[in-house]
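Student: I'd like to ask you about the structure that follows.
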Amino acid sequence: MVTTSVPTLIPQLQILSDQISELVTKSTELKATINHEQALWSPDKSRWCILECIEHLNIVGELSLPRIRRSIDKLHAKYMHSSGPFNYNFIERYFIKFLSPNTPMSMPVPPPYNPKIASADPDKIWVRFFTLQKDLEKCIQDANGFNLKKVSFSSPISPITRFTLGAWIEGLVAHERYHWGQVEALQLLPDYSRN
């Protein structure tokens with residue numbers, strides 16, 4: 001019998017993979033226990049409900065992952081191998097920090113990323129979310145061993161915003177963790193449990 005071994009992820013990517021796994025575990029547990037009212041509850045109009053947070057992550061992921069996938073394919077085609085570690089420039093580090101939990105500042109969400117769930121099917125929103133987590137994890141696995149600084153691409157909504165593949169992957173995972181923090185914060189509010 002032929003066995004194949006899964007390459008060990010470099011430390012930078014292993015951290016991201018672990019963070020996605022933790023997010024999937026927490027979101028699976030939440031979906032199994034949350035009711036419809038709780039998923040749509042928000043303390044005021046200035047804050048998203050849980051389902052809006054999830055849909056926002058879906059929108060960002062669905063716009064970003066195809067670009068990440070194409071960049072990984074370029075690395076594979078040109079055999080641009082590297083085991084890192086990868087150090088990003090100041091602007092890229094700031095970008096990642098800006099998207100991370102406990103960010104020092106916040107800015108309005110660009111309109112194309114705003115979630116609209118009025119007529120959406122909640123189950124389909126969750127299905128898309130979990131599918132995107134699998135796709136993101138697959139991208140991380142496929143990026144392993146390649147030079148994450150050799151290719152770059154622009155933002156799906158801003159052509160002048162351009163970062164390396166590695167910065168985009170780290171930023172995307174950081175962004176998911178940031179909004180999951182919002183989801184957890186909603187669950188701690190007194191009125192959430194009354195729904």
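Readers should treat all values here as calculations from the given coordinates under stated rules, not as data from a laboratory. Model, not experiment: these values are computed from the prediction. So basically every Cβ, Gly included, is an ideal-geometry build from the backbone, and we count neighbours across all protein chains shown.
Student: What number of residues within the range 153-172 are exposed (fewer than 15 other Cβ atoms within 10 Å of the Cβ) and among the small types (G, A, S)? If you could, list the steps in order and put the result at the bottom.
Tutor: Narrowing the range 153-172 to residues exposed (fewer than 15 other Cβ atoms within 10 Å of the Cβ): 154, 157-162.
Pick out the ones that are also among the small types (G, A, S) and you get 154, 158.
Of the residues in the range 153-172, 2 are exposed (fewer than 15 other Cβ atoms within 10 Å of the Cβ) and among the small types (G, A, S).
Student: Report, by residue number, each residue of the range 164-195 that is farther than 27 Å from N144 by Cα and among the hydrophobic types (A, V, I, L, M, F, W, C). Don't jump to the end; show me each part of the working.
Tutor: Just the residues of the range 164-195 that are farther than 27 Å from N144 by Cα, to begin with: 181-195.
Within the range 164-195, V183, A185, L186, L188, L189 meet the criteria.
Student: Which condition from (1) farther than 23 Å from A185 by Cα; (2) out of contact with any Asp or Glu (no Cβ under 8 Å at 6 or more places or on another chain) is the one that L65 breaks?
Tutor: Among (1) farther than 23 Å from A185 by Cα; (2) out of contact with any Asp or Glu (no Cβ under 8 Å at 6 or more places or on another chain), L65 violates only (2).
Student: Now for a different question. Output the qualifying pairs, or none if there are none: Cβ atoms under 6 angstrom, residues six or more apart or on different chains, first residue in the range 49-63 and polar (S, T, N, Q), second residue surrounded by fewer than 23 Cβ atoms within 10 Å (Cβ to Cβ) and in a helix (DSSP H, G or I).
Tutor: Close Cβ pairs satisfying both conditions: N58/R128; N58/F129.
Student: Separate question: Select from the range 22-77 the residues that are of a type in the set (S, T, Y) and under 12 Å from the mean Cα position of the chain (by Cα) and list them in ascending order. Steps first, please.
Tutor: Kept after step one, since they are of a type in the set (S, T, Y), are these residues of the range 22-77: 25, 27-28, 33, 42, 46, 64, 71.
Answer for the range 22-77, where residues must be of a type in the set (S, T, Y) and under 12 Å from the mean Cα position of the chain (by Cα): just S64.
Student: Restricting the search to the range 9-36, which residues are surrounded by 12 or more Cβ atoms within 10 Å (Cβ to Cβ), in a loop (DSSP other than H, G, I, E, B) and touching a residue at least 24 places away in the same chain (Cβ under 8 Å)?
Tutor: L9, I10
Student: Can you pull out every residue in the range 53-70 that is surrounded by fewer than 17 Cβ atoms within 10 Å (Cβ to Cβ) and either in contact with a Leu (Cβ under 8 Å, 6 or more places away or on another chain) or more than 16 Å from C139 (Cα to Cα) (or both)?
Tutor: E62
Student: Turning to a different aspect of this structure: Just one of (1) over 14 Å from G166 (Cα atoms); (2) not in a loop (DSSP other than H, G, I, E, B) trips up R70, so point out which.
Tutor: The single condition R70 does not satisfy is (1).
Student: Please specify each residue of the range 80-134 satisfying the condition of being assigned to a helix (DSSP H, G or I), exposed (fewer than 15 other Cβ atoms within 10 Å of the Cβ) and among the β-branched types (V, I, T).
Tutor: Of everything in the range 80-134, those that are assigned to a helix (DSSP H, G or I), exposed (fewer than 15 other Cβ atoms within 10 Å of the Cβ) and among the β-branched types (V, I, T) turn out to be I91, V127, T131.
Student: If you don't mind, there's one more thing I want to ask. Regarding W180, is this residue touching a residue at least 12 places away in the same chain (Cβ under 8 Å), touching a Ser or Thr at 6+ places or on another chain (Cβ under 8 Å), in a helix (DSSP H, G or I) and closer than 29 Å to I34 by Cα? Write out each step before concluding.
Tutor: Numbers: touching a residue at least 12 places away in the same chain (Cβ under 8 Å): yes; touching a Ser or Thr at 6+ places or on another chain (Cβ under 8 Å): yes; in a helix (DSSP H, G or I): yes; closer than 29 Å to I34 by Cα: yes.
So W180 fits the description; yes.
Student: What's the number of the condition K149 fails, among (1) in a helix (DSSP H, G or I); (2) among the charged types (D, E, K, R); (3) touching a residue at least 24 places away in the same chain (Cβ under 8 Å); (4) over 12 Å from I68 (Cβ atoms)?
Tutor: (1)
Student: With respect to the numbered conditions (1) loosely packed, with under 15 Cβ neighbours inside 10 Å; (2) in contact (Cβ under 8 Å) with a residue 24 or more places away in the chain; (3) of a type outside the set (A, V, I, L, M), which one is the sole condition not fulfilled by S46?
Tutor: (2)
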